[in-house]
Amino acid sequence: MKTPAYTPVRGFTLIELLTALLILSALALMSYRGLGAVLDARDHVSKETDKWRRVAAFVARFERDVKLASPRPIRSASGTAPAWRGIPGATTAPLVEFSRFASVEGLDTARRLGYRLNEQQEIELWVWPGLDIPPGAEPARYPVLANVVTFELQYLNLNLAWRDDWPASAAADATLPQAVRLRFVLASGEEITRVFGLGS
């Protein structure tokens, strides 16, 4: 009786193992770099989304406030002030200050508001406790948009001409502009311009 001949089982050679390891290392490196690029892109998209969400919230807030503007001059310790006052280039005072009706929802009261670009490159909202300003009353200040390098406003008069200041005369203290043009530039370089009609 013949016994079957022994056939040795052939394994991988050292060169084959090293080649396989080299290929797997290259694939792992490419996967790591691809994952890093995906994570970087996701982080960038998240930051951009957050930035534009904050911009949209500010623009919506500004639009709501100017559309509720009231043609009522105010009384203060220093006398009277126009219903809408725009001071181009103001640094310590608001760039714009105006009287505003209460919202339709009744969640707030009629107030005096202002907007200003502060030294920290933030657009600030100034809120006085009411329409008339008693002696010594200071507005509450809230940053509503950060990383802004330029903040400008223009006002459309009855002759459909844009002005940098408002009112044009003392006789126009109770009048509101026909529209407001808002322009601001972000620290990242984007420039945003919007126009809001006041319906006055």
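The values are calculated or read from the model by the stated rules, or taken from the named source; none is laboratory data. Keep in mind that this is a model prediction, so the values were computed, not measured. Counting neighbours? That spans all protein chains shown, and the Cβs are built from the backbone with ideal geometry, glycine included.
Per-structure values
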quantity: Among the candidates ILE123, ILE133, residue that is under 16 Å from the mean Cα position of the chain (by Cα) and not basic (Lys, Arg); calculated: ILE123
quantity: Candidate set: segment 112-133, residues that are in contact with a strand residue (DSSP E or B) (Cβ under 8 Å, 6 or more places away or on another chain), in a loop (DSSP other than H, G, I, E, B) and not aliphatic (A, V, I, L, M); chosen: the one surrounded by the most Cβ atoms within 10 Å (Cβ to Cβ); calculated: TRP128
quantity: Residue check for ASP43: without any contact (Cβ under 8 Å) to a residue 24 or more places away in the chain, of a type in the set (Asp, Glu) and either loosely packed, with under 15 Cβ neighbours inside 10 Å or under 18 Å from GLY114 (Cα atoms) (or both); calculated: yes
quantity: PHE98 vs. criteria surrounded by 15 or more Cβ atoms within 10 Å (Cβ to Cβ), out of contact with any helix residue (DSSP H, G or I) (no Cβ under 9 Å at 6 or more places or on another chain) and not aliphatic (A, V, I, L, M); calculated: no
quantity: For LEU27: the one exception among (1) exposed (fewer than 12 other Cβ atoms within 10 Å of the Cβ); (2) in contact with a strand residue (DSSP E or B) (Cβ under 7 Å, 6 or more places away or on another chain); (3) of a type in the set (A, V, I, L, M); calculated: (2)
quantity: Residue check for LEU176: in contact with a strand residue (DSSP E or B) (Cβ under 6 Å, 6 or more places away or on another chain) and assigned to a loop (DSSP other than H, G, I, E, B); calculated: yes
quantity: Residue under evaluation VAL148, criteria (1) within 22 Å of ALA57 (Cβ to Cβ); (2) β-branched (Val, Ile, Thr); (3) in contact with a Lys or Arg (Cβ under 7 Å, 6 or more places away or on another chain); (4) in contact (Cβ under 8 Å) with a residue 24 or more places away in the chain, criterion not met; calculated: (3)
quantity: Condition met for LEU182 (among the hydrophobic types (A, V, I, L, M, F, W, C), surrounded by 13 or more Cβ atoms within 10 Å (Cβ to Cβ) and farther than 15 Å from VAL55 by Cα); calculated: no
quantity: Within segment 80-91, tally of residues that are modelled with pLDDT of 85 or more and either among the β-branched types (Val, Ile, Thr) or farther than 26 Å from GLU122 by Cα (or both); calculated: 2
quantity: Checklist (1) outside any loop (DSSP other than H, G, I, E, B); (2) over 21 Å from ARG61 (Cα atoms) applied to LEU160, failing item; calculated: (1)
quantity: Qualifying residue in segment 188-199 (condition: in contact with a Ser or Thr (Cβ under 9 Å, 6 or more places away or on another chain) and closer than 15 Å to ARG116 by Cα); calculated: no
quantity: Identity of the residue in segment 58-90, without any contact (Cβ under 8 Å) to a residue 24 or more places away in the chain and not in a strand (DSSP E or B), that ends up surrounded by the most Cβ atoms within 10 Å (Cβ to Cβ); calculated: ALA60
quantity: When residues of segment 137-157 are limited to those that are of a type in the set (A, V, I, L, M) and in a strand (DSSP E or B), the one farthest from GLU119 (Cα to Cα); calculated: LEU156
